[in-house]
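This report refers to the structure that appears directly beneath it.
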Amino acid sequence: MNQRRVSKAIQIGSVTVGGNSPIVVQSMTKTDTRDIMSTIDQIKELEDYDCELVRVAVPDVEAAQAIHAIKKSISIPLIADIHFDYRLALMALEAGADGLRLNPGNIGEPEKVQTIALAAKERNVPIRIGVNAGSLPKPIRPGLTIAQQMVEAALKQIRLLESLDFDLIKVSLKAFDVPTTIEAYRDIAQKIPYPLHIGITEAGTPRTGIIRSTVGISTLLYLGIGDTIRVSLTAHPREEVIAGYEILKSLDLRQHGPILVSCPSCGRAEVDIVKLAEKVEEQLLKIDKPIKVAVMGCVVNGPGEAKDADIGIACGKKKAVLFKKGKKIGVVEERDFVVALMREVGRF
Ligand code: SF4
């Protein structure tokens, strides 16, 4: 795995992105931002899942003004997502947004971006230049690939902000196509010092979207690229946060709660391992400590296959063996499988 790219650290409210800080997990609300109560509820739920930054859509004046009330009831920094109208960015800043996301493809004249940058600078609020392959501005030079056009669009905005002595910059270059996204990030990573927000855009429903996002995000992280991630899913945003942490845990980049090891089951299993693993997974969502828990389908191979698990259960006919670090510590009846396992998890 490559060493993490050195990036400039920026501060979004209380959260540091880039530098040596942990890779930050973020999400975006799916409520109507003007519906203040629903938006607060959703952000609070995201906070329960340890989401670290949240973005809200700001499609109009009412949504921009809603930020003020929303901010009062939440604990994590809030980023305002702005398209088309630069005045909404100014209002969002006024309302207390901790960060802005601008799409250079649709904000328009450089003067508008300049006006936003000056207002953001006054408040020390970072701006993400969020390029999307689907909404690229007209290419400056002909013959460029989509990835090159994305890099070019971002660089143009970055140079504009830099000319105003503004360097609280974060950049994203997202496409639905994974190789395009990877190519774009690899290219820009060598050209700028700013932290990178990585993700695959419009990745889809959890079934396919988690895979698509994981392939893209993990490849980049493995290359040492990425300071904050968002897994875009057509689902409740909590799924995005859960998936984000699972990616980081899989690459040993962050610890976050338990890790579930479960065997795929096979003809040797005498209990419904799929159901059991799902039940255990549900229970583990409530646990904070970084513990490795194994659910295995048979006593013959189970403990051996999961010997690096902290606590595990290996099932047999109506009974199961509990094990700790690969060593047997007890036998439990089928009706107690989940309870007994969780008791040991609690004691660990
Ligand atoms: S642990 Fe046992 S039941 Fe599970 S896959 Fe391995 S051999 Fe099959």
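No value in this document is a laboratory result; all are computed from the given coordinates. Keep in mind that what you see is a predicted model, and the values were worked out from it rather than measured. As a convention, Cβ positions derive from the backbone with ideal geometry for all residues, glycine included, and neighbour counts pool all protein chains shown.
Output the Kirkwood hydrodynamic radius of the stretch 53-127, Cα pairs only, in Å rounded to one decimal. Intermediate values should be presented prior to the final figure.
Values: mean 1/r = 0.0834 Å⁻¹.
The Cα-based Kirkwood calculation yields 12.0 Å.
Name the aspartates and glutamates eligible as straight-distance cross-link partners of residue 307: C-alpha to C-alpha under 17 Å, and not fewer than 8 places from it in the same chain.
Within reach: 344.
Report the label-to-label distance for residue 338 and residue 281 in nanometres (one decimal), using points 7 Å from each Cα along the Cα→Cβ vector.
Taking the simple label geometry, residue 338 and residue 281 are separated by 1.4 nm.
How large are Rg and Dmax for the stretch 110-228 when calculated on the C-alpha trace, in angstrom?
Rg, Dmax (Cα atoms, Å): 14.6, 44.
Please give the direction-averaged projected area of the C-alpha convex hull for the stretch 198-248, in square nanometres with one decimal. All intermediate terms of the calculation are to be shown ahead of the outcome.
Values: hull surface 11.5 nm².
Average of the hull's projected areas for the stretch 198-248 equals 2.9 nm².
Based only on other Cβ atoms within 10 Å, what is the fewest-to-most ordering of 73, 213? Walk me through the numbers before you get to the answer.
On the way: 73 13, 213 28.
Listed from fewest to most nearby Cβ atoms, that is 73, 213.
So for the chain: antiparallel DSSP bridges make up what percent, rounded to the nearest 5? Before the final figure, lay out the partial values.
Numbers: 14 of 47 bridges.
In the chain, DSSP labels about 30 percent of beta bridges as antiparallel.
Specify whether the C-alpha gyration tensor of the chain places it in the rounded, prolate or oblate class, a ≥ b ≥ c being the square roots of the eigenvalues: rounded for a/c under 1.5, otherwise prolate if a/b is larger than b/c and oblate if not. Walk me through the numbers on the way to the answer.
Numbers: a/c = 2.64, a/b = 1.99, b/c = 1.33.
It comes out prolate by the Cα gyration axes.
Cα-Cα over 19 Å: which of 292/327; 275/318; 275/328; 170/249; 112/191?
On the way: 292/327 14 Å; 275/318 15 Å; 275/328 23 Å; 170/249 23 Å; 112/191 25 Å.
Table pairs above 19 Å Cα-Cα are 275/328; 170/249; 112/191.
If I take the Cα coordinates of the stretch 224-348 and project them onto the principal axes, what are the three extents in Å, biggest first?
46, 27, 24
Cα-based count: Lys pairs in the stretch 1-89 below 24 Å, eight or more positions apart or different chains? Spell out each step's value before the answer.
On the way: 30/44; 30/71; 30/72; 44/71; 44/72.
Lysine pairs, 8 or more places apart or on different chains, close enough: 5.
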